[in-house]
Every structure is written in structure tokens, then in C-alpha cells.
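What follows is a short report on a single structure.
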Amino acid sequence: MNTSSAAETQLSYKLSFDEAAQHYVDVQMDVNHWNGKDLIVKLPVWAPGSYLVREFARNVEQFQAFSGSTALKVEKINKNTWKISANKATSINIKYKVYAFELTVRTSFIDAAHAYLNGTSVFMYIDGKKELSSTIKITPNSTWKEISSGLESVHDNKWTLSSPNYDVLADSPIEIGNQEILKFEAAGVPHEIALYGGGNYDKAKLTRDIKQICEEATKVFDSHPCKRYTFIVHCLPSGGGGLEHLNSTTVQTSRFGFNNDKSYKSFLSLIAHEYFHLWNVKRLRPEVLGPFDYDRENYTSMLWFSEGFTAYYDNLLTRRAGFYTPDAYLEVITADINKVVNQPGNQVQPVAEASFDAWIKYYRPNENSSNSTISYYEKGSILALILDMEILRDTKGVKDLDDLMKYLYTEYYLGKKRGFTDAEFKAAAELICGRNLNEFFSKYVNGTEPIPFNDYLSAVGLRLIDQNAGRSSEIYFGANTKTDNGKLIVSSVVKGTCAYEAGINVNDEIIGFDNYRVDDLNKWLGYKKVGDKVDVLVSREGSLLTIPVTLKANTTLKYKFDAITSVTADQAKAYNFWMKFDTQAEH
Ligand SMILES: [Zn+2]
């Protein structure tokens, strides 16, 4: 018996799905041992890991609160906050419905077949009391037999889950339905793969391959912080992408892509990406990325590390696990480098700014984004590569980027039990390299200077050569088009090209060149040469305009890897250490 008047407030949720076919979940939030004061509850406006304000409260309906059978007065005080006049009540039952019909990894989706719930769009929290533990009782549809999540079940009843605080609840998506469940152990930790949607996967191979990725990721950090880990895999007609969580992840993939070599490798790389996040970002993190403020944007300049370095490791781990040969891996890196160096925005937006402005730019792209922004994933992964090269060179091939990752994890997550500051990250990188990295940060992180790749890659005896060098006779027009109702419409214009400089606009309909009707731009350009002046006839908002354009040469870089002919012993040692040839098996 608890006679204390200051008994800890108890929180529990009940979820039921009487209207699953109509995409609703009924939520009951029970607050017991409340202090009788007005109760303020909130729903997050964003889902951590996906840096956009998504306004989840727009899907909440019929919010009500009761004390016993008495309805309590409810006032909505801003877009995502409800105030309940408790009137001295110590037990309050809140009821609301959530409409869930958005099948992405960061939202919630319910239909007759299954429910996929993200905590941030379903569970409210008591303002100022995110530390409260809770239980979650789920009444599934009668046809649903399975539940998969990172949350612990209570008393071996899989339909009752518990969470130590709101942050964990918000960070543990739940899949309920008839998903196929595969189990394995990796790094001494039990793992579960929950596959919704069917597909042409080979169960034994999928389990074996994912296990290998998990083992490879664990080697980077030498220790695994999870008691168990859950992969929720949505197999859909098409799709890719995932979202990382504390001890789980959700990924989307193409259900019939499992027997296609290229898409299967990118699926494994996606698995490696989300899994690597269980260390990098979920635990080892910039200081503002946890605990989160669910009410507003949480700004950081470090996503080029948190996302970019994870993007570097996703392919590197897939390589180390033997799914890419070294040559195939170098081709993957080359494609990433070519994409970044040819994007005009790479010369406009420093990657630290790309991170800070993710909320308004990366997640809200427009027709000019590639001219004005750079992806912190893609540029960040290239910065990881050159920092890896820097460490290999400075330490003569006895340390690499793994040592920096391990150091940061040990020092900040395990040791100081907090996130790192931008300055602490720089100091850690300098400690591992044994030299100052002012140039790296000022030129490539906070600046937009071109990276002298070969100065870095020589550390492992590699260099890049530009296959387009000397091919200045090729024309690059620079207006990308789509065909709409038989019309040739400009969809984007690449900064720096002749189309851009001449003032061809997005949404222009290209009708003719030099008084001839045109239906295929490339065919027509084939008759011309660099330096030719042409008149382009366009329709812009119904008016016909003739725009003179002077055709310019293609200056796109097209790098490929080449080995240095006489490799030194240091370079060979660093290359082997980077590829982990001494410890990894080929297959
Ligand atoms: Zn990521």
C-alpha cells in the first residue's frame, strides 16, 4: 500500500485499433497519482533523425479528458499543446484519436493489414515530465499476431510494453501485424528482423548477410551497448531510406530488389548505415542531439559528421564484410565524389551551414537546390574519406578513422556521458592525427574550397584522374527537361552553364532552336559545336521569347581511380590497413 501523498505520478497508454481500416488508432493516456494541478500535455512537432518540423498534431482528433466519468475542461493553448483543468483530480484519463496514413519511416501508418507507429506522432507527454516511465498496453486487431519494437515487454506479455522515459518511447517505433520475423545473434546481442510486405528475399542469406554487417560495425567501436536490436523492414513496390533509433531502425526497400545484385548491395549498405547510427548519433552525438526539444528545431552544424561519416561507413562496412571487392568499392566512392564535385551548390554552401539549415533547405528542396546547396550526407562522406586518409598518413598506417570514432565514443558517450561540442570534435580529430587540422575545417567544413583529392589519396597509393580532361569539344547546355503533354518543359537549370547564363528559366517550354522546331535537345545539340550562337524559342507563361545562347563546353569532372605506379611501403601498409585485408575474409 502506498500512503504517501507525494507518490510518483504513474503514466500508461492504451492503444486500440477498432478503425484500423480507416487508418485510426485510439489512444488512452492514463495519468495516476497526479498532483491535482492543471495538466499540460504535448505532442512532438518533429521526429528526431529527420530534421523537419512535421506538425504531427495535425493528425490528432477528438481530444478529451476525464476524471472518472466527469469530463474535464480542455483548452488548446498552441498547435501541439493541450491544457486540462484537473480541478484537483489525481487520476486523469485522456482520450484522442490519431489519423495515420503516411507510410514513411518517420511517420505512422495504419490499415487493415498492419500498424506502423512512430512514438513522436502517437504518444503525448506531460509537459516537464518526460522522465516518467510508462507502460503501453496494445489491443491489436484480431487478425494481427505479431509485434516488433525496441521496447521491453512486461511479464513476457508481448502486448504490454514498458518504457523508462518519454525519450525512449519516442525513439522506439512499433510494427504490429503479421510480419515475418527472423532472428539471429551478432556480437553477442540478440537481433530480430521484422519484414512487412513480403518479397523475394532468401531468409537464410538475408539473416547471414545482415549478421555479418552487424559484426563488422561492432568491430569499429569494440563494444555493443544494446541488450537486443530490432530491424523493421518495410518491403514496398519501390523505395529506400531508413531512420535510426536507439536499439532499432526502420528501413524501406523494394520488395523484389533482393535478387538484384546492385539493389541488394545498396540495401545492405542502408542496413549498415542505420546500424552504425546506433553508435554514431544515437549515443556518440553532438551535444544538441539529445535529449531533444520536441517543440522546435534543434540546430547543429555537425550533421556532416553524424550523417556524412555514417554514410562513409555504410559502404566501407559493406566492403569490409566482403560484399564489395576493393575495385567495386572504389567505384562506389568515385560516384560519390563525382556527384559532389559537379554540383554547383558545392561552391556555394559550406557543409557546416548545410547541416545547420537542414530544416529549411535539405528537407525543403526546390528547383534551385542543386545550384545553392550541398548534401551533408554526400559531402560529409567525402570529408570522412579524406580525414581517414589524413589519419592513415599521419600515423603511417597504424591508425585510421575507426580510431577517431572509438575515441569519441569512449570519451564522450561512455566517459563524460554527454554529447561533444564542435570544438571538442576538432580537438579529438587533431589528437588522433597528431597535428592541427585548421585547414581541413576552414577550407572544407566551414568553407567551399575544392578538395585536392590526390594530396590525400596518395596516403594509400591511389589517385584520381579526370577522364573528361581535354574533352573541351563537348557541349553542355545545362537545362534539364521533362516532357509534359508533348511539351518540352525545363525542370532545372544548372548554374554556370550556357542555358543558365543566357537566362533560360525553369518552367520555360522549349519550342525551337534557330527557327526549327525541336523535340529532342540532345539530337539537336549533336549538330552544333562549342562557341556556336543559337536562338532558343521558348514559351514563358504564354509569351513567346527568343533567347540567344552561346554554347559552352562541358567542364564536368569525371574522376576515376588509378593506382600510383611505384607504391611505397608506407602507402601499401596504409592501403591494407584501410581495407582491413589482414583481418577480413574475402567472399
Ligand atoms: Zn543516417
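The values are calculated or read from the model by the stated rules, or taken from the named source; none is laboratory data. This one's a predicted model, so the numbers in the text were calculated from it and none came from an experiment. Here the Cβ is made from the backbone with ideal geometry for all residues, glycine too, and neighbour counts use every protein chain on show. For accessibility, only protein heavy atoms count, side chains too; no ligands or nucleic acids. Shrake-Rupley method; radii C 1.70, N 1.55, O 1.52, S 1.80 Å.
I'd like the full set of residues that are within 15 Å of the ligand (Cβ to nearest atom) and not polar (S, T, N, Q), limited to region 29-54. Please lay out each step first, then the result.
Quick first cut of region 29-54, residues within 15 Å of the ligand (Cβ to nearest atom) only: 47-52.
Matches in region 29-54: Ala47, Pro48, Gly49, Tyr51, Leu52.
Per-residue answers, yes or no, for (1) modelled with pLDDT of 95 or more; (2) more than 14 Å from the ligand (Cβ to nearest atom); (3) of a type in the set (Ser, Thr, Tyr):
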residue	(1), (2), (3)
Glu307	yes, no, no
Ser370	yes, yes, yes
Ile374	yes, yes, no
Ile391	yes, yes, no
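So which residues in region 234-252 are part of a strand (DSSP E or B), closer than 20 Å to Lys265 by Cα and within 16 Å of the ligand (Cβ to nearest atom)? Steps first, please.
The first filter runs over region 234-252 and keeps only residues part of a strand (DSSP E or B), leaving 234-236, 242-244, 248-252.
This time we only want the ones that are closer than 20 Å to Lys265 by Cα, so: 234-236, 242-244, 249-252.
Answer for region 234-252, where residues must be part of a strand (DSSP E or B), closer than 20 Å to Lys265 by Cα and within 16 Å of the ligand (Cβ to nearest atom): Gly242, Leu243, Glu244, Thr249, Thr250, Val251, Gln252.
Between Thr300, Thr318, Thr334, which is crowded, with 18+ Cβ neighbours inside 10 Å, of a type in the set (Ser, Thr, Tyr) and touching a residue at least 60 places away in the same chain (Cβ under 8 Å)? Talk me through it step by step, then tell me what you get.
Numbers: Thr300 fails: touching a residue at least 60 places away in the same chain (Cβ under 8 Å); Thr334 fails: crowded, with 18+ Cβ neighbours inside 10 Å.
None of the others qualify; the one that does is Thr318.
Considering only residues that are open to solvent by less than 10 Å² (accessible area, probe 1.4 Å) and away from the ligand (no atom under 16 Å from the Cβ), which ones fall in region 196-215?
Initial filter on region 196-215 (open to solvent by less than 10 Å² (accessible area, probe 1.4 Å)): 206, 209-210, 213-214.
Once the filter is applied, which keeps residues that are open to solvent by less than 10 Å² (accessible area, probe 1.4 Å) and away from the ligand (no atom under 16 Å from the Cβ), region 196-215 yields Leu206, Asp209, Ile210, Cys214.
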- request: Go through Thr546, Thr556, Thr550, Thr565 for me and flag whichever is open to solvent by less than 70 Å² (accessible area, probe 1.4 Å) and more than 37 Å from the chain's Cα centre (by Cα).
  value: Thr550
Helices (runs of 4 or more DSSP H) (entirely within region 496-587) containing at least 2 residues that are over 27 Å from Ile337 (Cα atoms): 521-525
- request: Identify all residues within region 129-151 that are β-branched (Val, Ile, Thr) and in a loop (DSSP other than H, G, I, E, B); write none if there are none.
  value: Thr143
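A quick yes/no check of all residues on (1) closer than 26 Å to Thr556 by Cβ; (2) under 29 Å from the mean Cα position of the chain (by Cα); (3) surrounded by 12 or more Cβ atoms within 10 Å (Cβ to Cβ):
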{"site": "Phe441", "(1), (2), (3)": "no, yes, yes"}
{"site": "Ser458", "(1), (2), (3)": "yes, no, yes"}
{"site": "Arg471", "(1), (2), (3)": "yes, no, yes"}
{"site": "Lys487", "(1), (2), (3)": "no, no, yes"}
{"site": "Ser492", "(1), (2), (3)": "yes, yes, yes"}
{"site": "Gly512", "(1), (2), (3)": "no, no, yes"}
{"site": "Asn515", "(1), (2), (3)": "no, no, no"}
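Out of the residues in region 265-282 meeting the condition of being more than 19 Å from Arg106 (Cα to Cα) and open to solvent by 20 Å² or more (accessible area, probe 1.4 Å), tell me which one is farthest from the ligand (Cβ to nearest atom). Spell out the reasoning first.
Here is the first cut: in region 265-282, the ones more than 19 Å from Arg106 (Cα to Cα) are 265-266, 268-269, 279.
Of the ones still in play, those that are also open to solvent by 20 Å² or more (accessible area, probe 1.4 Å) are 265-266.
Values: Lys265: 18, Ser266: 14 Å.
Ranking the candidates gives Lys265 first.
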- request: Please report, ordered by residue number, the helices (runs of 4 or more DSSP H) entirely within region 277-386 with at least 3 residues that are more than 26 Å from Thr497 (Cα to Cα) and more than 20 Å from the chain's Cα centre (by Cα).
  value: 326-341
- prompt: List pairs: first in region 451-464 and within 11 Å of Ala574 (Cβ to Cβ), second of a type in the set (Val, Ile, Thr) and modelled with pLDDT under 95, Cβ under 6 Å, 6+ apart or cross-chain?
  reply: Gly461/Ile564; Gly461/Val567
- request: Kindly establish whether Thr334 is within 25 Å of Asn446 (Cα to Cα), within 16 Å of the ligand (Cβ to nearest atom) and touching a strand residue (DSSP E or B) at 6+ places or on another chain (Cβ under 6 Å).
  value: no
message: So, Asp127, is that one touching a Lys or Arg at 6+ places or on another chain (Cβ under 6 Å) and among the acidic types (Asp, Glu) or not?
response: yes
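Quick check: is even one residue across region 61-75 within 29 Å of the chain's Cα centre (by Cα) and without any contact (Cβ under 8 Å) to a residue 40 or more places away in the chain?
Within region 61-75, the first condition is being within 29 Å of the chain's Cα centre (by Cα), and the residues that meet it are none.
Checking region 61-75: not a single residue is within 29 Å of the chain's Cα centre (by Cα) and without any contact (Cβ under 8 Å) to a residue 40 or more places away in the chain.
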